[in-house]
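Below is one structure. I have some questions about it.
The values are calculated or read from the model by the stated rules, or taken from the named source; none is laboratory data. Just so it is clear, the model here is predicted, and its values are computed rather than measured. No Cβ is skipped: glycine too gets one built from the backbone with ideal geometry, and neighbour counts run over all protein chains shown.
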C-alpha cells in the first residue's frame, strides 16, 4: 500500500502548491487592478471605519452601508440609467414586467401625517378579510411600519408567494384600537393593454399600452383580434406615459403593425451595429390606418415602437415630443435579489434617427394643458380621432 500512500501525499502536496500559486495569482491580480485604477480602495474602508467610530447619530446597518456604497459607485459613472437597484424595488420591477404577482389586492399610499393608508380592490383577499378603504397599516408579519420606510419596501413585505399567508395589523380610520388579520395572497394580474371601440360608425378602435412586459404582445394580439371582429379598421394607439419595458416585447408589438423591415438598430461600444427585424406575425392591424399618441412620458421601448411605425409610414405621431431615452441597459441579477443595470448600447430608429437625449418629434403637435385635464378634455385624442375620420 506504499504506492497508495505516496499517491495521496503527492496529491495533497500538489493541491497545496496549487493553492499557494492560486492565492498569489489572486492577490497579484487585485494589486494589478488597484494599480491600473490609480486609486486606493482602502480609502473606502478608512472612511467607513471613521464613520463607525465617530458618527454621533444612529449608525446604519452593514447591509445599508453596502447598498449606499453600491449606489455611490454607480453614480460615479455619471449615467442616469446605470444604476444599482435594491431587492424591494427590483422585485416590484419584476412583478410589473411579469404582469402578475402574489398579493392581497390593495394599494398603499402615505397621507399628510405619514401614515400608510390602504385602498382595497373589490372582491380581492384584503377586502374579503375585512380590510377597508382608509385603514392604516401598522405592522406586516410583526414588523412595525415606520414613517421612514419607503412605500416600495412596504409593498415588498406585503407581497409574496401565491397561497402564502401574511399577518397584518391595521387600524380603522374612525377607531383607535388596532386589529390583526391573516390574509392569503392570491395571484393579482396587472394587464398592460386595454382596448375598446371608440367610434363604431367610423370603425375606429382604441388601444393603450402602459408598459412593455412579458404578456404585452399576447394581450395586444387578443385586443386587436377582438376589435377586428367588431369592424374596426382604424386605430388610435396610445403610448402616452409609457416608460418602456422589455425590448423583446417592443419588437413583438411593433411586428403586429408592420409586415417587414427593421424595428430598431442598436449601436454598441466601438460602433458595432446590430439591427432587429420585424418578426412574422398574423395581425389584422398590419393594414389599418393608425394614429399614435405620444407625450413627454413616452420613453425607451415605447419610443422604439413609435419610431419604427413613424419611419415606415405606418402611423402618424400625434401629441408632444417624446422623452428621449434611447439607451440599452443590461441587467445583472445579484444573489441577494438586488440588480445592477449597466448601459451597454444606444438605440436608433430604422432610418437611424437618434432617440437618446433627442426624442421623437410628433407629426402633428398637440399640447394638453392642466386646464384640459381638469375639464376632462383630451385634445390629443380628439385630434387623432378627427385625422382617422378624414377631417384634416
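Condition check: farther than 30 Å from residue 229 by Cα, in contact (Cβ under 8 Å) with a residue 24 or more places away in the chain and touching a strand residue (DSSP E or B) at 6+ places or on another chain (Cβ under 6 Å). Does residue 290 satisfy that?
Here the answer is no, as residue 290 does not meet what is asked.
When segment 196-225 is examined, which residues are found to be under 21 Å from residue 100 (Cβ atoms) and either outside the structural domain of residue 368 (by TED's automatic domain parsing) or surrounded by fewer than 16 Cβ atoms within 10 Å (Cβ to Cβ) (or both)?
Taking segment 196-225 as the starting set, the residues that turn out to be under 21 Å from residue 100 (Cβ atoms) are 207-223.
Of everything in segment 196-225, those that are under 21 Å from residue 100 (Cβ atoms) and either outside the structural domain of residue 368 (by TED's automatic domain parsing) or surrounded by fewer than 16 Cβ atoms within 10 Å (Cβ to Cβ) (or both) turn out to be 218, 222.
Something else about it: Would a scan of segment 55-63 turn up a residue that is in a helix (DSSP H, G or I), out of contact with any helix residue (DSSP H, G or I) (no Cβ under 9 Å at 6 or more places or on another chain) and modelled with pLDDT under 95?
yes
Another question, then. Residue 379 passes all but one of (1) within 24 Å of residue 89 (Cβ to Cβ); (2) without any contact (Cβ under 8 Å) to a residue 40 or more places away in the chain; which number fails?
(1)
Being closer than 30 Å to residue 294 by Cβ and either under 26 Å from the mean Cα position of the chain (by Cα) or not assigned by TED's automatic domain parsing to the domain that holds residue 231 (or both) narrows it down to one of 186, 152, 139, so name that one.
Values: 186 fails: closer than 30 Å to residue 294 by Cβ; 139 fails: closer than 30 Å to residue 294 by Cβ.
Within the list 186, 152, 139, the selection yields 152.
Next question, about the same structure. Which of the residues that make up segment 234-248 are in contact with a strand residue (DSSP E or B) (Cβ under 8 Å, 6 or more places away or on another chain), part of a loop (DSSP other than H, G, I, E, B) and under 12 Å from residue 380 (Cβ atoms)?
Of everything in segment 234-248, those that are in contact with a strand residue (DSSP E or B) (Cβ under 8 Å, 6 or more places away or on another chain), part of a loop (DSSP other than H, G, I, E, B) and under 12 Å from residue 380 (Cβ atoms) turn out to be 239, 240.
Restricting the search to segment 212-233, which residues are part of a helix (DSSP H, G or I) and farther than 10 Å from residue 288 by Cβ?
Within segment 212-233, 216, 217, 218, 219, 220, 221, 222, 223, 225, 226, 229 qualify.
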